[in-house]
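Presented below is the structure to which this report refers.
Derivation of every value follows stated rules applied to the coordinates shown; laboratory data play no part. This is a predicted model, so every value here is computed, not measured. Methodologically, a virtual Cβ is constructed for each residue, glycine included, from the backbone with ideal geometry; neighbour enumeration extends over all protein chains shown.
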Amino acid sequence: MKDIRKALEQRILIIDGAMGTMIQRHRLTEADYRGERFKDWPSDLKGNNDLLCLTQPAIIEGIHREYLDAGADIIETNTFNSQQVSLADYNMQALAHEINVAAARIARKAADDYTAKDPSKPRFVAGAIGPLNKTLSLSPDVNNPGYRGLLWDEAVEAYYEQIDGLVKGGVDILLIETIFDTLNAKAAIFAAKKYFQDHPDQPELPIMISGTITDASGRTLSGQTLEAFYISVMHANPLSVGLNCALGAADMRSHIEELSQLAACYTSAYPNAGLPNAMGEYDEQPEQTAHFLEDWAREGFVNIVGGCCGTTPDHIRHIAEHVKKFKPRSLPVIATETEA
């Protein structure tokens with residue numbers, strides 16, 4: 001496998017689109033989620049998309065292949081919620097490691113098949129590490145601002161186990177994404193660094209970091225500006241820092257431009273297909289999303305682009321076609337020390 005850094009030097013890379021949007025198209029039932037293995041599970045399982053890596057692996061592999069057909073260079077494992085903290089909603093904490101290994105192997109197989117078809121265009125697997133459904137920075141109880149629903153050590157333990165499963169399943173990259181609380185992201189970074197320190201025989205994988213600006217203020221949910229967010233995670237020496245989810249491309253442009261000037265590493269952007277309508281669905285058409293991202297590529301803002309909620313293989317196909325004629329953003333030389 002070629003180093004992803006070599007590919008990033010040559011062209012703008014394409015990351016895939018939404019997994020959940022594609023799963024919804026299959027209109028799966030509770031029985032589909034359960035499969036034979038979990039038919040008697042005491043909790044409702046419909047909506048536990050990551051579980052499909054065990055009960056409906058062919059569907060997940062098929063989605064990966066649709067994105068690869070559309071031109072994706074990087075596909076994300078179906079593991080956004082595959083750690084103890086989030087899986088507790090389904091009483092499936094004990095399955096976290098198994099789901100991560102299975103998800104990584106499914107994506108690995110698909111990526112390797114496409115790389116074999118065209119070795120000049122290697123395909124990469126990013127282990128998707130979501131933000132958790134609990135936050136380390138904010139209290140879930142408005143009457144007790146000092147209370148926390150999650151402790152640092154609990155977050156690190158959950159992320160460490162997830163990373164172990166992703167690595168053993170064969171991912172190329174660790175993608176810490178949709179970050180709304182930077183302290184959660186720091187727990188994931190810490191877990192990753194500790195994992196590779198504990199496993200010196202395992203080559204350290206590059207880390208991609210992607211935050212989420214939640215509203216017009218330009219801040220994360222935990223209150224950080226984009227610059228503060230970047231400074232908070234740059235110690236991880238990430239392969240890339242970027243933004244995804246929350247805003248559609250139209251509202252994300254100024255933030256991507258700012259990030260392109262801040263970041264000493266590569267930049268990524270994979271916005272939603274616009275903002276959701278009253279029914280929670282996304283109406284932005286593939287050519288519309290591609291138009292926005294073409295502008296970012298032309299201006300030299302990005303190194304990696306793709307889609308988040310509401311995007312489909314058609315969105316990714318249009319994006320890939322629109323940005324392929326532009327050179328990737330050049331890494332700037334940014335001073336990190338003040339002059340005497």
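Which links in LYS6/LYS327; LYS6/LYS121; LYS6/LYS324; LYS6/LYS168 stretch past 18 Å when you go from one Cα to the other? Too far apart for the 18 Å limit: LYS6/LYS168. Within the set (1) 61, 51, 50; (2) 69, 48, 35; (3) 110, 46, 44, the number that Cα extents along the principal axes in Å takes when calculated for this structure is listed as (1). Computed over neighbours whose Cβ is under 11 Å from that of GLY127, the net charge equals -2, Lys and Arg +1, Asp and Glu -1. Loop-located GluC sites (Glu not before Pro) across the range 271-340 with a Cβ neighbour count of 14 or fewer within 10 Å are GLU281, GLU337, GLU339, with loop assigned by DSSP.
Distance from the Cα centroid of the range 1-65 to that of the range 262-329 is 21 Å (rounded to whole angstrom).
Among ILE319, ILE256, ILE231, a tally of other beta-carbon atoms within 10 Å of each Cβ gives an order, fewest to most, of ILE231, ILE256, ILE319.
Residue by residue, the range 131-143 carries 3J(HN,Hα) couplings of x, 6, 9, 9, 10, 7, 9, 10, 7, x, 10, 5, 8 Hz when phi is fed to the Karplus relation 6.51 cos²θ - 1.76 cosθ + 1.60 (θ = phi - 60°); x denotes Gly or Pro.
Residue order for ASP164, ASP89, fewest other beta carbons within 10 angstrom first, comes to ASP89, ASP164.
Evaluated with a Cβ-only charge set (Lys, Arg +1; Asp, Glu -1), the range 4-323 carries a dipole of roughly 460 debye about its Cα centre, given to the nearest 20. Over the range 200-297, the pair-distance histogram of Cα-Cα distances with 5 Å bins from zero comes to 2, 13, 22, 21, 18, 11, 7, 3, 2, 1, 0 percent, rounded to whole numbers. Sorted ascending by nearby beta carbons within 10 Å, beginning with the fewest, ILE316, ILE163 become ILE163, ILE316.
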